[in-house]
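Reviewing the structure listed below.
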Amino acid sequence: MKGRGLVAGQAGGGALLSQRAFTFAHGVDPSTGSVTDVRSDIRGANVKGTVLFYPFGKGSTTASSWFLEAVRHGNHPSAIVTEGVDLSAVIGSVMAKVIYGKEIPVVSGVTREQYAKIAPGARVKVTSTKDGARVET
Amino acid sequence: MHLDSSQEKLLRGEGGEAKQFAMEVVTRVGDAVGAGSLVPIKSAHVLAHYSSLHDAGIEVLERFASSGGKFAVPTSVDPASIDLQNWRSFGVPEDYARQQFRLCDAYAKLGGMRCWTCVQYQVCNFPKQGETVAWAESSAVVFANSVLGCRSNKITAGMDVSCAVLGLTPMFGMLEDENRTATVSFKLNLGPLTDLDYRSIGFFTGRRAGARVPVLEGLPASVTSDEIKHLGAGAAAAGPVTMIHLPGITPGSKTASAATAGEKVEQIEVSRSDLAAVEEDLSQTAELPDLVAFGVPHLSVNELGMLSKQLEGRKLKRGVKMYLYTSGQAYEMAERTGIRDSIEASGARLTHSTDAEISPLKRLGFNTVMTNSAKLAEIVSSEGEIRMRYAAQKSIIEEVTS
């Protein structure tokens, strides 16, 4: 699958797939990595070390700092792949690089229909550059 | 994104570490959203509350402050997670307060106005029509675009401080004329409106508009800026809305057809049953609450005055607390004019520089919260820890006082 590379980097992990709009703000417990949002279809799953797929961001503009707090605890996904651009993921990832030296690639432009073909938990490799991004199983 | 030579220098670190970090953030965001350039802003509004920023957010703000960062434009700040003056008497744990004060210190070092409010446009940050600003706080962004006629995107945590330190923001979204045209129309035909109706109308509009820009027709001529403030907050809590065209109020939108630039758009009639559905959606219980919260967003002095009249001669029932959230400035004026005394005679308390949705309600021991704020009800209920009740101010007061 091809997408837009929003934040560059290379990473791999098990696929965690949400078909609904997603947010870290009040939606993921940063101290555990567990999805807590009552309206999420992956509630109870853990984002740590996964390649996290969701279509769009939603909710509070504080999501980037919730994401960064998960990074501080080491409970962040290894890469994020979305359909639309989720600014909170972009900002969270940029800050993670500067503050904690962690590289978490962010890719957009991969549709729900496309990633629905991936089996949950399947090993996924993400390569994100300025000129484009690849998501491979 | 095109950078001019002075911006290139900042990105290379020639303007110091703080500006280099800020440039990293804004250029990545600019590229992600397809912005062509960075443009100057007249003011910024940033977030510095512990409940959302956590320890990581403290490290970010301290990093900006310790590496020589200074806000390049007048900058105001959203409420803190605690009442900065009276936090002890509200039972806030010492360790929690200490982390909030680290954020306060870093923010002060960066040179921000210490106004700690989500209604900066009523208190300390007054842009004029046509200005470009970079504001966090979704409800204030709606007010800025819809009533003040200035231009702001909804700026996310981390990017807010970056824009403030640079005095620049990426050119995209609501800064561009073509994205400000209304693309969906809402029409009211509801008769007289209560305080709750304004919030529910906002919430319904925000939810149904989605990523579109709404125009809302049919508000009474008597509508106040406080009522629009709460309507906008409800809309922003329900969806990504950053502007609502209000014909006759929004600069440049004298009529609905001016708001849509003459285009035909989907028309949605708002009915009483739509508002009833919002009320049902935002309530999970019918029990007597242990906290009543008024003032999300912050109450103005005028609203405090009206509340003091409604509370006159009444006493809060046992087991119920009532907090009225406001800015430090409005608090001081309420104190000088006797409004605070008359409110607190009922057993209610006035609190400033913080707000309910960003304070540690669960840790303060609250399990059931009642409010007329759609924003508070939506945010708190999504976490599933506290049960919410959403009702009109008058009926809440009648229920919880005698």
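Only the coordinates and a few stated rules stand behind these numbers; no lab work does. All figures in this text were calculated on a predicted structure; none of them were measured in a lab. Cβ placement follows ideal geometry from the backbone for every residue including glycine, while neighbour counts extend to all protein chains displayed.
Numerical summary
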{"quantity": "Lysine pairs within the stretch B:282-400, Cα separation less than 17 Å, 8 or more sequence positions apart or different chains", "calculated": "5"}
{"quantity": "Lysines whose Cα lies under 29 Å from that of B:LYS9, excluding same-chain neighbours fewer than 8 positions away", "calculated": "A:LYS97, A:LYS102, A:LYS130, B:LYS19, B:LYS42, B:LYS70, B:LYS109, B:LYS154"}
{"quantity": "Sequence of B:LEU166, B:LEU175 once ranked by neighbouring C-beta atoms within 10 Å, starting from the fewest", "calculated": "B:LEU175, B:LEU166"}
{"quantity": "Spacing of the two label points (7 Å from each Cα toward its C-beta) at B:HIS2 and B:ALA345, in nm", "calculated": "6.6"}
{"quantity": "Length released on extending from B:GLU332 to B:LYS394, taking residue separation times 0.36 nm less the Cα-Cα span", "calculated": "19.8 nm"}
{"quantity": "Using a Förster distance of 22 Å, the FRET efficiency for A:ASN46-B:ARG363 (Cβ separation, nearest 0.05)", "calculated": "0.35"}
{"quantity": "Per-residue mean of C-beta atoms belonging to partner chains within 10 Å, peptide A:80-91", "calculated": "4"}
{"quantity": "Overall form of chain B per C-alpha gyration tensor (a/c, 1.5; a/b vs b/c)", "calculated": "oblate"}
{"quantity": "Part-to-part distance (alpha-carbon centres) for the stretch B:24-72 and the stretch B:97-148, which is given in Å", "calculated": "13"}
{"quantity": "Separation of the A:SER34 and A:ASP131 label points, Cα + 7 Å toward Cβ, nm", "calculated": "4.5"}
{"quantity": "Mean Cβ count within 10 Å, highest first, over the residues of peptides A:72-78, B:23-29, B:392-398", "calculated": "B:23-29, A:72-78, B:392-398"}
{"quantity": "Contact order relative to length of chain B, as percent, for alpha carbon pairs under 8 angstrom and 6 or more apart", "calculated": "17"}
{"quantity": "Shape of the protein assembly as shown, Cα gyration tensor, a/c cut at 1.5", "calculated": "rounded"}
{"quantity": "Summed residue charge, Cβ within 14 Å of B:GLY13's Cβ, Lys/Arg positive, Asp/Glu negative", "calculated": "-1"}
{"quantity": "Share, in percent, of DSSP beta bridges within the protein assembly as shown that are antiparallel, nearest 5", "calculated": "35"}
{"quantity": "Ordering of A:35-45, A:58-68 by burial proxy (mean other Cβ atoms within 10 Å per residue, highest first)", "calculated": "A:58-68, A:35-45"}
{"quantity": "Cα-based shape type of the stretch A:2-136, given that a ≥ b ≥ c are square roots of the gyration tensor eigenvalues and the cut on a/c is 1.5", "calculated": "rounded"}
{"quantity": "FRET E, pair B:ARG114, B:SER66, Förster distance 22 Å, beta-carbon r, rounded to 0.05", "calculated": "0.70"}
{"quantity": "Any cysteine of the protein assembly as shown lacking a neighbouring Cys Cβ under 4.7 Å - listed by number", "calculated": "B:CYS104, B:CYS118, B:CYS150, B:CYS163"}
{"quantity": "Inter-chain shielding of B:151-160 (mean C-beta neighbours from other protein chains, 10 Å cut-off)", "calculated": "6"}
{"quantity": "Alpha-carbon centroid distance for the pair the stretch A:11-44 / the stretch A:96-137, whole angstrom", "calculated": "15"}
{"quantity": "Rel. contact order, % - alpha carbon contacts under 8 angstrom, at least six apart, the stretch B:282-400", "calculated": "36"}
{"quantity": "Within the stretch B:5-173, percent of DSSP bridges classed antiparallel, to nearest 5", "calculated": "30"}
{"quantity": "Size of charge dipole - the stretch B:282-400 - debye, nearest 20, with Cβ of Lys, Arg +1 and Asp, Glu -1, no other charges", "calculated": "280"}
{"quantity": "Note, ³J(HN,Hα) from phi for the stretch B:389-402, Karplus 6.51, -1.76, 1.60, rounded to Hz, x at Gly and Pro", "calculated": "10, 10, 8, 6, 3, 5, 6, 5, 4, 4, 6, 9, 10, 9"}
{"quantity": "All lysines inside 24 Å of B:LYS254 as judged from Cα atoms, apart from same-chain residues fewer than 8 positions distant", "calculated": "B:LYS128, B:LYS187, B:LYS229, B:LYS264"}
